[in-house]
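Bear in mind that the values in this text are calculations on the coordinates, not laboratory data. The structure displayed is predicted, hence computed values, not measured ones. Quick reminder, even Gly has a Cβ in these numbers, built from the backbone with ideal geometry, and neighbours come from all protein chains shown.
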């Protein structure tokens, strides 16, 4: 079994590459990973984020302020942080190395993204 690594912050160049990929995609180009659903049951999202919300936000790349990758047993999982308001953001996790690209999960967080990233990763998004 592979050892799971911690989140690795992506460089600005890597984030720009991902943004360019997302700008060219349509929502229906993605596969929704079985993990997205509780017990694999569609219409019952694991973290309460309906697909319609993902459909309306995934390619709004101007909202992406931070991105990480993590090595998992299934390959690299990329987590993109989309800043919605000053006090909420959504994390969407993708498998970009799969064909078609998969959306693994999405988590809506009611918290200041800048503060959360500074506390967890010691990264100041305002620099």
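Each label was represented as a point 7 Å from its Cα along the Cα-to-Cβ direction; for residue 112 and residue 86 these points are 0.9 nm apart.
Mind sorting 79, 85, 65 by how few other Cβ atoms lie within 10 Å of their own Cβ, fewest first? Lowest to highest Cβ neighbour count: 85, 65, 79.
Could you give the length gained by full extension between residue 65 and residue 50, i.e. 0.36 nm per residue of separation minus their alpha carbon distance, to one decimal place?
Numbers: separation 15, 0.36 × 15 = 5.40 nm, distance 2.17 nm.
Once the chain is fully extended between residue 65 and residue 50, it gains 3.2 nm.
Over the chain, DSSP H runs of length four or greater, each weighted -39,500 (n - 2.57), average out per residue to a 222 nm ellipticity of -6500 deg cm²/dmol. Take the Cα of residue 29, step 7 Å toward its Cβ, do the same at residue 7, and the gap between the two points is 2.5 nm. Taking the convex hull of the alpha carbon positions in region 8-121 and averaging its projected area over all directions gives 7.0 nm².
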